[in-house]
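Structure, as structure tokens:
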Amino acid sequence: MDKIALIFPGQGSHYIGMGKSIYEGYSCAKKIFEEANDTLGYNIAKLCFEGGVRELNRLENMLPAIFTVSVALFNVYKEEIGVLPHFMAGHSLGEYSALTCSEALKFSDALRIIRRRSELAKDAKEQQHGAMSIIEEIDETALKRICSEASSDESNIGVIACYNSDRQFTVCGHEAALLAIEDMALDLGALVTPIISGTPFHSPLMKSILKALEEEINKYSLSLPRIPVISNCSAMPYEAGKPVFKNLIEQISKPVRWRDTVNYLVNMGVKVFIDIGPQSLLKNLVKTIVNNDIQVLAFNQQEDRPEILSTFMGKSLIKTVERDTIAPYIKSLVSSCLAEAVCARNCNWNEKEYEEGVLVPYSELEAIQNELDKNKLPPTIEQMQNALEKLFIIFDTKKVPNSEQQRRIKRILGNNSTSHIFSDFIERRYGESERI
């Protein structure tokens, strides 16, 4: 299997209505929202689904909301796909999402840190008249020169805060310096997008809150991530010699090396990036960094879901429909087995066992179906029994409970004209009570 990296977005990926579909469709997502409500003391689900734009745009609401939706989406990813990635990385706030999903941070603890971090950053912005802009279509060397020229002293600083790609940068600093940087960048033909109420994260303006942030972070237990997480500051994985909390403290005042992070992951053999966030901002950004042979997908985008499924399970069953709507299109027992193999939730995180017990039999199932499609013939009894046996292997590897297995098998055989042929076959596996 190709190496996979899950990537988590930061500020700017929010919108009214985000997370509503997974909240309504998945209990694992609903639990995350409920835990967030209890932790924060207000209804963050209502804020995400129905809140006003102005209210959601408030930093102390926006960042916890994006984080909550991202973690909820990851839980849905685990339930639907069931394969853990080789790496995780997050852009700015997204680093907290990556650390939480890799079990370095408890969800509720991370949420408390993010809320406090937002409050501190908001105060620093107001006290120092901070600002933020996105500058595109400009050379890094030229932008660094402009920032240097616009920065007169410690009370008038403008710096590159995020190295997003070769041609896109986030610039933060004092308002006067930012205005000068914007004017000089425009003169060079750059595209400039001032961020209204933008907070100067990842800049020297945040140094004033480092001690208070450290005091907050030190309240909680942090450990090394179970899945390698790439640090914003170093563009390298978190290491045992440097505690996680030190990276998080440094992160708020140091640049985000996102371009270097993506390049590191590609150099480590990552072939698939999956954006786990409310929109597809990181998907679009990563596409400007990597070559065309790298897949970049967004888990929350409906049009990407079939391709994500195919990444893990071979060719997708039906390109034009969501997984939950595949069933009405099934025409044979073999294709029904293929569908149930995809739909069954995975509870086995052993990559080797998953490859041998899920991917291999799934490929064998596909081979049977491809032969049927090629010859335009209905399946033989032998082929159908073989398909069921492959499905049993997949169920057992995914650790699907017997009750759920039986329900799925009944769904496969319920509308099949040859279902009575398999009664003894099913009985031998599940017992007489499950005779079809």
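The values are calculated or read from the model by the stated rules, or taken from the named source; none is laboratory data. All of these numbers come straight from a predicted model, not from anything done at the bench. A quick note on method: Cβ atoms are made from the backbone with ideal geometry, for glycine too, and the neighbour counts reach across all protein chains shown.
Which residue pairs have Cβ atoms closer than 8 Å, lie 6 or more positions apart in sequence or on different chains, and pair a first residue in the stretch 292-307 that is loosely packed, with under 14 Cβ neighbours inside 10 Å with a second residue that is modelled with pLDDT under 95 and not in a strand (DSSP E or B)?
302/322
Of the residues 216, 250, which single one is in contact (Cβ under 8 Å) with a residue 40 or more places away in the chain, assigned to a helix (DSSP H, G or I), under 21 Å from residue 11 (Cβ atoms) and acidic (Asp, Glu)?
Of 216, 250, the one residue that is in contact (Cβ under 8 Å) with a residue 40 or more places away in the chain, assigned to a helix (DSSP H, G or I), under 21 Å from residue 11 (Cβ atoms) and acidic (Asp, Glu) is 216.
So the check is Cβ under 7 Å with 6+ separation or different chains; which pairs have a first residue in the stretch 349-368 that's assigned by TED's automatic domain parsing to the domain that holds residue 399 and without any contact (Cβ under 8 Å) to a residue 60 or more places away in the chain and a second one that's crowded, with 17+ Cβ neighbours inside 10 Å and among the polar types (S, T, N, Q)?
If the second residue must be crowded, with 17+ Cβ neighbours inside 10 Å and among the polar types (S, T, N, Q), the pairs left are 353/397; 357/397; 358/397; 368/383; 368/386.
Being over 20 Å from the mean Cα position of the chain (by Cα) and at pLDDT below 95 is the filter here; which residues of the stretch 254-292 pass it?
Hits for the stretch 254-292 are 291, 292.
Would you say residue 97 is more than 15 Å from residue 205 (Cα to Cα), not aliphatic (A, V, I, L, M) and not in a helix (DSSP H, G or I)?
In short, no.
Could you give every pair whose Cβ atoms fall below 7 Å, whose first residue belongs to the stretch 20-38 and is hydroxyl-bearing (Ser, Thr, Tyr), and whose second residue is assigned to a helix (DSSP H, G or I), counting only separations of at least 6 or pairs across chains?
Pairs found: 23/29; 23/30; 23/33; 23/45; 26/76; 26/79.
Within the stretch 374-388, can one find any residue that is within 30 Å of the chain's Cα centre (by Cα) and at pLDDT 85 or above?
Scanning the stretch 374-388, I find no residue that is within 30 Å of the chain's Cα centre (by Cα) and at pLDDT 85 or above, so the answer is no.
If a residue counts only when it is within 30 Å of residue 310 (Cα to Cα), which helices (runs of 4 or more DSSP H) contained entirely in the stretch 1-70 have at least 3 such residues?
Output list reads 20-25, 27-40.
A quick yes/no check of all residues on (1) surrounded by fewer than 22 Cβ atoms within 10 Å (Cβ to Cβ); (2) of a type in the set (Lys, Arg); (3) over 20 Å from residue 227 (Cα atoms); (4) within 15 Å of the chain's Cα centre (by Cα):
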| residue | (1), (2), (3), (4) |
| --- | --- |
| 46 | yes, yes, yes, no |
| 57 | yes, no, yes, no |
| 66 | no, no, yes, yes |
| 70 | no, no, no, yes |
| 82 | yes, no, no, yes |
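What are the residues in the stretch 333-385 that are surrounded by fewer than 19 Cβ atoms within 10 Å (Cβ to Cβ) and assigned to a loop (DSSP other than H, G, I, E, B), if any?
Once the filter is applied, which keeps residues that are surrounded by fewer than 19 Cβ atoms within 10 Å (Cβ to Cβ) and assigned to a loop (DSSP other than H, G, I, E, B), the stretch 333-385 yields 345, 347, 348, 349, 350, 376, 377, 378, 380.
Looking at the stretch 138-157, I want the residues that are among the small types (Gly, Ala, Ser) and have a partner that is loosely packed, with under 13 Cβ neighbours inside 10 Å and assigned to a helix (DSSP H, G or I) with Cβ atoms under 9 Å, at least 6 apart or on another chain. Which pairs are those?
Note: pairs meeting the criteria are 150/183.
List the residue pairs whose Cβ atoms are under 6 Å apart, where the first residue sits in the stretch 106-132 and is surrounded by fewer than 16 Cβ atoms within 10 Å (Cβ to Cβ), the second is among the polar types (S, T, N, Q), and the two are 6 or more positions apart or on different chains.
From residues that are surrounded by fewer than 16 Cβ atoms within 10 Å (Cβ to Cβ), the pairs are 108/39.
Return the residue satisfying two criteria in turn: it lies in the stretch 402-415 and is out of contact with any Cys (no Cβ under 9 Å at 6 or more places or on another chain) and under 16 Å from residue 345 (Cβ atoms), and of such residues it is surrounded by the fewest Cβ atoms within 10 Å (Cβ to Cβ).
Residue satisfying both the conditions and the ranking: 403.
Report those strands (runs of 3 or more DSSP E) wholly inside the stretch 122-197 carrying at least 3 residues which are under 31 Å from the mean Cα position of the chain (by Cα), of a type in the set (Gly, Ala, Ser) and closer than 29 Å to residue 60 by Cα. Talk me through it step by step, then tell me what you get.
Values: elements: 130-136, 158-163, 168-174, 191-194.
Output list reads 130-136.
Which residues, counting only those in the stretch 100-117, are at pLDDT below 95 and closer than 16 Å to residue 203 by Cα?
none
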